[in-house]
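Step one of this worksheet: look at the structure below.
The values are calculated or read from the model by the stated rules, or taken from the named source; none is laboratory data. All of these numbers come straight from a predicted model, not from anything done at the bench. We place every Cβ from the backbone using ideal geometry, glycine too, and count neighbours over all the protein chains shown. Protein only, heavy atoms only, side chains kept; ligands, DNA and RNA dropped before computing areas. Shrake-Rupley method; radii C 1.70, N 1.55, O 1.52, S 1.80 Å.
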Amino acid sequence: RGAVEILCRIACNGHTITDSDLRPFGVGIYPLAALANHACLPNCVQTFKGTAITIRAMREIPSGEEVTIAYVDVATPLVQRKADLKERYLFECECGGCSGEEAEAREASKVAWKSDHVSEELRDEALKLAEEACISAEKMRGSADEVLERVLEACAKCEVVLDPLHVSLMRLREHALRLSITIANWEEAERQCEATIAPYRAHYPEGSPLVGLQLATLGKIKAFLGRDLEARNNLSEAAPLLLRAFGQGDPCVKETEERLREVMWSMDGLGEMAERTRAIQPPR
């Protein structure tokens, strides 16, 4: 019984430890951080240096406003998000991010269709296709080239039915981006990353480091392809978001700032130095 109680406490109070790209690699118990409640539009984010946790504000927090973080991925549609919170944390979420006109509009965009005239059959087929392609990508059923081909085929078919902000299409593009980077297909990586920016902005809260990381990735890809002006714009927007979430000296902050300096060198006529650096440091 004692072991079960401990495991239950870990499940309800543990924090997923992530790296500078917000990729999970462990679970930790942080009593003080566990006092922060969940919100579907949180004002703070938890980040890590090694296993040390820091909770940082993503925006200005007025006096008296509760400090909140997200316990689950807030891009997940409302019904699934509520179910996840109920199952994992044993509470019904009734935060401001779940109700009200703004919340309804935001949630509707996550599951929107390209047209109101799309049949129920076509909707079901598109969602099933997206789900199967995502599972194939997660389990890497085949070579990276083969899996990417299947994911891109699914993207093309789903684009006809799903709105560009639909979460299922966003997830497909995330896989396409990762696979394109894996096989160094930078033009495809650029297309897929660019297509994720609008849904990321729509589905994640103000100041989210996830938006910053996606902008930084797009900026680094564009810099590698020699699109300096666009790269500068993406990296300039990403840098303060990442600095606020991770703090000065964090690897992803330093890398983003370094790539931004390289782009500025190139645009200022110091292209040879920037090109040498870019040639040996492709985007991650």
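The table below gives the values:
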read-out: Residue list for region 104-138, restricted to those being touching a residue at least 24 places away in the same chain (Cβ under 8 Å), among the hydrophobic types (A, V, I, L, M, F, W, C) and either farther than 20 Å from residue 159 by Cα or not in a helix (DSSP H, G or I) (or both); value: 111, 112, 113, 118
read-out: Residue list for region 129-151, restricted to those being open to solvent by less than 50 Å² (accessible area, probe 1.4 Å) and not polar (S, T, N, Q); value: 130, 133, 134, 137, 142, 144, 147, 148, 151
read-out: Failed item, numbered, when residue 247 is tested on (1) on the phi < 0 side of the Ramachandran plot; (2) open to solvent by less than 20 Å² (accessible area, probe 1.4 Å); value: (1)
read-out: Test: residue 42 is of a type outside the set (A, V, I, L, M, F, W, C) and in contact with a helix residue (DSSP H, G or I) (Cβ under 6 Å, 6 or more places away or on another chain); value: no
read-out: Residue check, residue 162 among the hydrophobic types (A, V, I, L, M, F, W, C), under 22 Å from residue 129 (Cα atoms) and in contact with a strand residue (DSSP E or B) (Cβ under 8 Å, 6 or more places away or on another chain); value: yes
read-out: Subset of region 141-192 that is among the aliphatic types (A, V, I, L, M) and touching a residue at least 60 places away in the same chain (Cβ under 8 Å) - its residue that is nearest to residue 74 (Cα to Cα); value: 167
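Residue-wise test of (1) within 21 Å of residue 247 (Cβ to Cβ); (2) surrounded by 14 or more Cβ atoms within 10 Å (Cβ to Cβ); (3) of a type in the set (Gly, Ala, Ser); (4) at pLDDT 95 or above.
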| residue | (1), (2), (3), (4) |
| --- | --- |
| 1 | no, no, no, no |
| 6 | no, no, no, no |
| 12 | no, no, no, no |
| 17 | yes, yes, no, no |
| 20 | yes, yes, yes, no |
| 36 | yes, yes, yes, no |
| 50 | yes, no, yes, no |
